[in-house]
Amino acid sequence: MIQIGCFFSLVGLGYYVVLNGAGFFNFAIGPYTMFSGLASSWLVFIQGWDLPQAILVGIAATIVLSVLTELLVVRPIERRSGGEELPALIAVVAVLYAIAQLAGTLFGRRPLPGRPWFYFENPIQVGLAYIDAQVIVSVVVTLLVFTALSLWLTFSPYGKIMRAVGDNQEAARTLGFPITRVRVIAFALAGLIAGIAGPLFASKAGVGFESGLSYSLFGFIALVLGGTGSPWAPLAGGMLLATIQIMSSYFFGSVWLNYATLAIAVVFFAIRPEGIFARRVRA
Amino acid sequence: MISKLRQRGAWLETFSTLALVLIAIAYVQGDVYLEDVAILVATYSMIALGLYVPFIMGGALSMSYNAYLGIGAYAVAIIASKTGLGFGWGLPIGMALSAAVAVILGFATRRLSGFFLASVTVLFGIAFTSWLIASADLTGGGAGIPTFPTPVVFGVKLTHTIVVSIALLLVWIVAVLLARLRRSPFGVAVRASRRASTAVEASGIRISTIVLVSLALGAIIASLGGSMFALVNESVIPESFAIDIVFLTVFTPLLGGQSTPWGAVLGAFLVVLFTFELTMFKETGTLLFALAVLVVLVAAPRGLLGYASSGLKLLTSRLEPR
């Protein structure tokens with residue numbers, strides 16, 4: 001559960017970065033994550049590479065994909081439509097589908113298992129539960145990514161600009177901030193986060209070329225649940241979503257995972273679309 | 001003068017497309033493989049035409065069309081195999097159920113738009129497929145409903161060929177009706193609600209009502225497509241109604257051209273060509289299709305028919321005496 005929660009949180013954080021830096025929900029984040037996970041699994045299991053190199057290649061490929069999405073698809077379409085939402089949404093759904101098909105063509109259409117980053121000979125026992133090494137790795141990596149990102153947003157020059165863009169893109173443009181560059185950086189960061197999340201989670205559930213869609217949906221719900229007020233909000237949203245999913249499928253059967261997710265989305269989007277931790281604006 | 005010309009254009013469109021559909025029926029009949037391709041084109045066209053009203057005209061990306069397709073197909077299959085009623089009852093029951101589901105879902109999501117609406121409707125589509133697999137008593141679970149008897153109308157057995165022909169004709173009827181609907185006061189209101197919602201409300205039209213009506217209409221069309229698909233195959237399996245089919249069809253109106261429902265049909269034909277028909281694309285067909293969609297979205301937003309018609313206009317304006 002913790003591991004799934006970490007995963008949803010990371011994908012949610014990927015959304016958060018692009019939402020702040022470029023002002024829209026990048027639905028292709030799930031397929032980036034899948035691409036990185038499937039690429040590294042394919043390199044390890046089919047091509048016989050060592051895990052660290054495979055992960056690095058997966059991350060690099062994902063960053064490239066993410067930046068290309070902005071440069072080749074989102075930017076020209078937003079420029080033409082003048083910031084209307086629907087064309088960008090359609091385009092990003094098309095990217096989602098294209099990346100899934102690209103991965104299916106490159107790495108085969110059969111799902112692959114992932115490889116844990118660390119082993120313990122004997123899992124640690126805490127009470128009734130056994131904790132294996134990958135859970136600890138997931139938690140540590142997730143916390144590191146979240147901490148690094150929030151520090152970067154607070155202290156680095158580009159991080160500050162990105163927060164300014166997230167607050168008010170027009171104002172930031174008027175002040176002469178390099179919006180175009182910030183957008184590319186936001187997409188690259190999202191690619192980096194997705195690239196880390198993919199192989200990290202592949203070791204738990206495996207990964208197939210069609211996994212990207214559900215990653216996108218769950219990450220999006222994690223972000224909306226948590227809210228966009230703070231970079232830590234997706235972490236809360238991801239944990240909450242994972243808890244609800246696991247509980248409902250544990251008590252009512254596995255079909256209820258999908259029903260519960262749908263119910264959360266309908267209820268939460270309608271009642272509190274700004275999430276639990278909304279940014280409060282002083283009026 | 002202009003309205004007369006436009007009317008002539010509409011009649012020309014109606015009859016030339018009828019001729020094309022009749023040629024297609026004559027061409028595929030008797031050949032089982034071609035008939036399979038034709039029913040796939042017809043089914044995809046029906047989904048795309050169903051999407052056309054709320055999505056292309058109204059600007060609301062609702063993606064649960066696999067559910068409406070499935071409801072239409074399962075209504076026919078369940079009624080033909082498990083009840084004493086004739087299969088014919090399956091079509092209206094499927095359409096009514098789909099419309100009801102679309103209205104309920106539309107009502108639950110009435111405050112959502114854009115990304116939020118798209119993700120809730122995708123989640124609904126996924127939940128529908130898992131419901132099909134989980135409720136084995138009604139739907140036969142993962143195995144589906146393997147075979148049901150060939151339907152009979154007035155003593156005539158509805159063979160593969162006849163149903164395929166009917167399905168293709170239905171596509172034509174629906175596309176022609178939608179082309180008229182698009183120009184009707186309702187169609188104008190739906191299209192205007194996309195950009196000028198205040199103006200539409202100011203003229204005394206409730207946007208929430210026309211959105212629900214257009215969603216229900218789309219669901220009815222998709223359900224009809226599902227029923228025809230089930231009748232041709234004389235069986236249903238849940239995999240046919242997974243969310244993937246929505247991703248294949250949602251781009252078809254954009255690929256073919258948004259300014260007429262025939263763009264959706266042309267797009268559906270191209271999808272089948274890419275993903276099913278040509279063996280040279282076997283492995284990479286869907287990838288090529290996805291890339292083609294991206295190219296059209298980025299570089300050619302009016303779609304194939306849009307460019308064809310402006311090309312035609314250019315040609316006729318050159319030919320006309322000045």
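Kirkwood hydrodynamic radius (Cα pairs, Å) of segment A:160-229?
Evaluated on segment A:160-229, it is 14.3 Å.
Go ahead and run the numbers for FRET between B:Glu201 and A:Thr147, Cβ-Cβ distance against an R0 of 45 Å, rounding to 0.05.
Efficiency, rounded to the nearest 0.05: 0.40.
Using a 10 Å cut-off around each Cβ of peptide B:287-298, what is the average number of partner chain Cβ atoms that fall inside?
6
On the first, second and third principal axes, largest extent first, how far apart are the outermost C-alpha atoms of chain A in Å?
Here the Cα extents, ordered largest to smallest, are 58, 41, 36 Å.
Relative contact order, percent, of segment A:98-228 when contacts are C-alpha pairs under 8 Å separated by at least 6 residues?
40 percent
Please report the relative contact order for chain B, taking Cα pairs under 8 Å with a sequence separation of at least 6, and give it as a percent rounded to a whole number.
29 percent
So who's got an amide H within less than 5 Å of the one on B:Leu61, skipping anything under 5 residues away but keeping other chains? H placed 1.01 Å off N, in plane.
B:Gly114
Any idea which of B:Gly9, A:Val17, B:Leu305 is furthest toward the positive side of the dipole for the protein assembly as shown, if Lys and Arg beta-carbons carry +1 and Asp and Glu beta-carbons -1?
The listed residue farthest towards the positive side: B:Gly9.
Could you go through segment A:135-152 in sequence order and give the Karplus-derived ³J(HN,Hα) for each residue, using 6.51 cos²θ - 1.76 cosθ + 1.60 with θ = phi - 60°, rounded to whole Hz, and x for Gly and Pro?
Each residue's phi maps through the Karplus curve to give 4, 4, 4, 4, 4, 4, 4, 4, 4, 4, 4, 4, 4, 4, 5, 5, 5, 4 Hz.
I want to verify a result. In a Gaussian network model of chain B, Cα cutoff 10 Å, which of these has the top mean-square fluctuation: B:Ala196, B:Ala300, B:Ala80?
Of B:Ala196, B:Ala300, B:Ala80, the most mobile in the Gaussian network model is B:Ala196.
Largest first and in whole Å, what are the equivalent-ellipsoid semi-axes of chain B based on the Cα gyration tensor, each being the root of 5 times an eigenvalue?
The three semi-axes for chain B are 31, 25, 20 Å.
What spacing in nm lies between the two simple spin-label points modelled at A:Ala263 and B:Ser259, each 7 Å away from Cα in the Cβ direction?
In this crude label model, A:Ala263 to B:Ser259 measures out at 4.9 nm.
Can you tell which of B:Val21, B:Val101, B:Val32 shows the greatest fluctuation in a Gaussian network model of chain B with Cα springs below 10 Å?
B:Val32
Could you tell me which of B:Val32, B:Leu51, B:Val163 has its Cα farthest along the dipole of segment B:2-244 towards the positive end, charges placed at Cβ (Lys, Arg +1; Asp, Glu -1), taken about the Cα centre?
B:Leu51
Grab the beta carbon distance between A:Leu106 and B:Ala300, set R0 = 30 Å, and tell me the FRET efficiency rounded to 0.05.
0.65
Can you give the relative contact order of chain A as a percent, counting alpha carbon pairs under 8 Å and 6+ residues apart?
This gives 37 percent for chain A.
Using Cβ counts within 10 Å as a stand-in for footprinting exposure, how do A:Arg183, B:Arg111 rank, fewest first?
B:Arg111, A:Arg183
Which FRET efficiency value, to the nearest 0.05, is calculated for A:Val139 and A:Thr243 with the Förster distance at 22 angstrom and r the Cβ-Cβ distance?
Calculated value: 0.90.
So what are the ³J(HN,Hα) numbers for segment B:246-261, from phi and the Karplus equation (6.51, -1.76, 1.60; θ = phi - 60°), rounded to whole Hz, Gly and Pro as x?
So the J values, rounded to whole Hz, are 5, 5, 6, 9, 5, 8, 4, x, 6, 5, x, x, 8, 7, 9, x.
Take chain B, connect every pair of alpha-carbon atoms lying under 10 Å apart with a spring to form a Gaussian network, then pick out the residue of B:Gly257, B:Gly88, B:Gly50 with the largest mean-square fluctuation.
B:Gly88
Return the tail of the calculated pair distribution for the protein assembly as shown, meaning the percent of Cα-Cα pairs more than 44 Å apart.
Above the 44 Å cut-off, the protein assembly as shown has 21 percent of its Cα pairs.
Determine the gain in length on full extension of the stretch A:Met1-A:Glu85; use 0.36 nm per residue of separation and subtract their C-alpha separation, reporting nm with one decimal.
Value of the extension gain: 26.8 nm.
Once phi is turned into ³J(HN,Hα) by the Karplus curve 6.51 cos²θ - 1.76 cosθ + 1.60 with θ = phi - 60°, what whole-Hz value does each residue of segment A:55-72 show in order, with x for glycine and proline?
Karplus-based 3J(HN,Hα) across segment A:55-72 equals 5, 4, 4, x, 4, 4, 4, 5, 4, 4, 4, 5, 5, 4, 4, 5, 5, 8 Hz.
Once fully extended, how much extra length lies between B:Phe107 and B:Ala26, figured as 0.36 nm per residue of separation less the alpha-carbon to alpha-carbon distance?
Gain on stretching B:Phe107 to B:Ala26: 24.8 nm.
Can you list residues whose amide H is under 5 Å from B:Val236's amide H, if they're 5+ apart or on another chain and H is modeled 1.01 Å from N?
The answer is B:Ile145.
Read-outs throughout are calculated quantities, based only on the coordinates presented, and are distinct from any laboratory measurement. Computed from a predicted structure; not experimentally measured. Here the Cβ is made from the backbone with ideal geometry for all residues, glycine too, and neighbour counts use every protein chain on show.
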